[in-house]
Amino acid sequence: MRIAPFNSLPKDARRLIIYYAIAQPGIIGFVIFNAYLFLLGYSPMYVGSVVSGASLLTAILLPILGHLSDKKINAKYYMITTEALIGVAFVIFGLAKNGLWIFAGRVIFSTAMLFTFASNVYEKELYPKDLLEEAYIWHWIVPSAAGILTYLAAFVYFSLIPSVEAARWYYIALGLAAPLFISYIYFALPDMPTYTEREKIKIPKGLIGIVLVSILAYLQAYFLYDITLDNIIINHFGYGLSIIVLLSIIDNLFGLSSGFLKAHIPKEHFPKMPYIAMLSLTVLSFLLFVLHFKGLENIWIFILLYSLLSLAWPLWHMSFKPILQRNIPKKYRGTIFSSIQSINRLVGIPIAFIIGVTITFFGSFSPLLISSLLGMMTALSLKLVAKN
């Protein structure tokens, strides 16, 4: 490989990446959520309403939490809070008797997501500036390798027990396992410094443009994955949770491949990677949209094209995240990361509902057209920011 080996990263950076790896079972609970609701009999519009409503109740707090992580509160405790709340939400999902339980669990889950900006704070502090590209390559390779094993086990589980009860028990088991993840964070990850005395913030030139690109990429992914993908699998093709998990295995397999691919690319070509990745996502999502109107009814052709999406998205993340990190002042990292997440959430509040409405009135594949347009806007915006 052309990049530094994993052991060349600082110990704490390696421990953070290992945390992302051991957290893979919990991510499955997030991945299957929309499909779980579809299997319970809820419509795409209702699922979109639940996600949008829960996000609306929690979005405004984000910048305040980020500011406190810079000045007063150790970001470690935000990560612990995330795992604890996710555990509670998962148990509620597993025990849910009706839509009110689901909504309550989703509000708690959305509250947990408020604190996830803390992982960006850790990355800012622990990933060395001179190895930032390498750190984000390993950031994908190690968790993806762990994810392949985790999702294979989940695929076998949901194939052997192909019912909604399998999802219920999975949520309960993962919720009860939360203390294990909390223990790793508490004992293995370092405390994060706070900056009580800070100079007046100086916004780096181009940061606002980079943040705009980040928001566009977030929206592009929202229309491409989540409700759109789960609805296509469950309600269009008529398959169950095992196929959703199979796609997640593909995600991790191609995420691993994407990491090794970038690791073998000469560094002088790194600046081209965000454009190649985003344009690939744009073309592939548009191709899926067009093929649907040509009579795409074979799920394996769909999975083949989806596999290529799974190669392109990690490449975008690995290439764009170092650009974002380099432009954020360390003493304001919590404030800025949480503000970006807050903007994403506020912009995304109506999106889940819009996706549900779009699917209801224009068909299961219609959000893919919007995703392709947003992908084109993302690539053009990044080019404009780089030029200026």
Which whole-Hz ³J(HN,Hα) couplings does region 259-267 yield from phi under the Karplus relation 6.51 cos²θ - 1.76 cosθ + 1.60, θ = phi - 60°, glycine and proline marked x?
-> x, 5, 4, 5, 5, 9, 7, x, 4
When T360, T111, T335 are ordered from fewest to most other Cβ atoms inside 10 Å of their Cβ, what list results?
-> T360, T111, T335
Phi-based couplings in Hz for region 269-278 (Karplus 6.51, -1.76, 1.60; Gly and Pro marked x) | 9, 4, x, 7, 4, x, 5, 4, 5, 5
Rounding to the nearest 20 debye, state how big the charge dipole of the chain is about its Cα centre with +1 on each Lys and Arg Cβ and -1 on each Asp and Glu Cβ.
-> 1060
Using +1 at the Cβ of each Lys and Arg and -1 at the Cβ of each Asp and Glu in the chain, identify which of I27, L279, F93 lies farthest towards the dipole's positive end.
-> L279
Which of rounded, prolate, oblate describes region 255-366, given a ≥ b ≥ c as roots of the alpha-carbon gyration tensor eigenvalues and a/c under 1.5 marking rounded, otherwise prolate only if a/b is larger than b/c?
-> oblate
Does the chain come out rounded, prolate or oblate, given a ≥ b ≥ c as the square roots of the eigenvalues of its C-alpha gyration tensor, rounded meaning a/c under 1.5 and, failing that, prolate meaning a/b above b/c?
-> rounded
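For the residues D12, D226, what sequence is obtained by ranking on other C-beta atoms within 10 Å, fewest first?
D12, D226
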Residue of P314, P329, P271 that the Gaussian network model of the chain assigns the largest fluctuation, springs spanning Cα pairs under 10 Å | P271
Using θ = phi - 60° and Karplus 6.51 cos²θ - 1.76 cosθ + 1.60, couplings along region 279-287 (whole Hz; Gly, Pro as x) | 5, 5, 4, 5, 5, 5, 5, 5, 4
Taking the Cα centre of region 314-388 as origin, work out the dipole magnitude from +1 charges on Lys and Arg Cβ and -1 charges on Asp and Glu Cβ, in debye rounded to 20.
-> 500
Charge dipole (debye, nearest 20) of region 217-339; +1 at Cβ of Lys and Arg, -1 at Cβ of Asp and Glu | 760
Cα-projected label distance for T360 with L291, points at 7 Å along beta-carbon direction, nm | 2.9
q = 0.33 Å⁻¹: log10 I(q)/I(0) that the Debye formula gives for region 206-248, counting C-alpha atoms only | -1.05
Point-to-point label distance, E125-L100, nm (Cα→Cβ direction, 7 Å offset) | 4.2
The chain - percent relative contact order, Cα under 8 Å, separation 6 or more = 33
Which of K272, K124, K331 moves most in a GNM of the chain, Cα contacts under 10 Å?
-> K272
Name the longest site-free stretch of the chain, where the excluded sites are GluC sites (Glu not before Pro) in a DSSP loop with no more than 15 other beta-carbon atoms within 10 Å.
-> 1-196
Which whole-number percent is the relative contact order of region 89-233 (Cα, under 8 Å, 6+ apart)?
-> 35
Going down the table (K76/K129; K294/K321; K76/K97; K294/K383), which pairs top 26 Å between alpha carbons?
-> K294/K321; K76/K97; K294/K383
Under the rule rounded for a/c under 1.5, else prolate if a/b exceeds b/c, else oblate, using alpha carbon gyration tensor axes a ≥ b ≥ c, region 100-159 is classed as oblate
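Since every read-out is calculated from the coordinates, none of them should be taken as a lab result. Since this is a predicted model, take the numbers as computed values, not measurements. Backbone-built Cβ (ideal geometry, glycine too); neighbour counts: all protein chains shown.
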